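So the structure is just underneath, and the comments pick up after that.
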Amino acid sequence: DARVTQTPRDKVTEMGQEVTMRCQPILGHNTVFWYRQTMMQGLELLAYFRNRAPLDDSGMPKDRFSAEMPDATLATLKIQPSEPRDSAVYFCASAPSGDTQYFGPGTRLTVL
Amino acid sequence: KQEVTQIPAALSVPEGENLVLNCSFTDSAIYNLQWFRQDPGKGLTSLLLIQSSQREQTSGRLNASLDKSSGRSTLYIAASQPGDSATYLCAVDSGGYQKVTFGIGTKLQVIP
């Protein structure tokens, strides 16, 4: 049963620290997404890649966030420096050609 | 800008009851609408996807309808079970992944 995996599942850090979240998409899926979920804003698309190339990152604060896909099996989302307002659950999802996205379990980030 | 609203925010029903969850959107120019289920501490699981040309989709005890002209979709759950307890989100695709807007969700509790 293929699944999207994310690490770490939980991360607590102090303001100003660098945070890196990792995602392993389902093998063969060519599109990868990063979302952020908060109680107030709900689920927001931060960035997405197709065939490892970034297609859109307009939902992401450029000054502190960066997203990359070093290879087809790894996507990373980095925040540097982190701020308390970045506290949220970050989801990665992958999709084959088509509309259905498969979500990972998320990384719960708390910035103190 | 597309806005997606889900009412009610929370719903509690006794086991066996049929129920309807509502999703409304402001811009009727959509490509598709998708219903997801989210369990606590987990990612989203796709339940049903309705293309803009379709009126409804069914999967088991679930039936989703779409009325683009009125900007509404409903998710009907027949014979509810405690295992249906989760948060249900609708997502409206207005033109590609970067234009997918999620609702905040309806938290459903089915009481045994």
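Scanning region A:53-71 for residues that are in contact with a Lys or Arg (Cβ under 6 Å, 6 or more places away or on another chain) and surrounded by fewer than 18 Cβ atoms within 10 Å (Cβ to Cβ) yields a count of 1. Of all residues in region B:99-110, those that are within 7 Å of chain A (Cβ to nearest Cβ) and surrounded by fewer than 21 Cβ atoms within 10 Å (Cβ to Cβ) have Cβ atoms under 7 Å from Cβ atoms of residues that are of a type outside the set (A, V, I, L, M) and part of a strand (DSSP E or B), 6 or more apart or on another chain, in B:Ile104/A:Gly42; B:Ile104/B:Gln6.
Exactly one residue out of B:Arg72, B:Arg37 is modelled with pLDDT of 95 or more, in contact with a Cys (Cβ under 8 Å, 6 or more places away or on another chain) and either surrounded by fewer than 17 Cβ atoms within 10 Å (Cβ to Cβ) or within 11 Å of chain A (Cβ to nearest Cβ) (or both), and it is B:Arg72. Condition check for B:Val4 on (1) touching a Gly at 6+ places or on another chain (Cβ under 6 Å); (2) more than 12 Å from chain A (Cβ to nearest Cβ); (3) of a type in the set (A, V, I, L, M): one failure, at (2). Can you tell me which residues in region B:69-104 are of a type in the set (Gly, Ala, Ser), touching a Ser or Thr at 6+ places or on another chain (Cβ under 8 Å) and under 16 Å from B:Gly43 (Cα atoms)? Matches in region B:69-104: B:Ala91, B:Gly103. Summed over region B:55-78, residues that are among the hydrophobic types (A, V, I, L, M, F, W, C) and on the phi > 0 side of the Ramachandran plot total 0. Only one of the numbered conditions (1) surrounded by 13 or more Cβ atoms within 10 Å (Cβ to Cβ); (2) free of Cβ contacts under 8 Å to residues at least 60 places away in the same chain is not met by B:Gly60, and that is (1).
Of the residues making up region A:48-100, those that are within 14 Å of chain B (Cβ to nearest Cβ), outside any strand (DSSP E or B) and in contact (Cβ under 8 Å) with a residue 60 or more places away in the chain are A:Pro96, A:Ser97.
The values are calculated or read from the model by the stated rules, or taken from the named source; none is laboratory data. This structure is a prediction, so every number in the text was calculated from the model and none was measured. Every residue, glycine among them, receives a Cβ derived from its backbone with ideal geometry; neighbour counts consider all protein chains shown.
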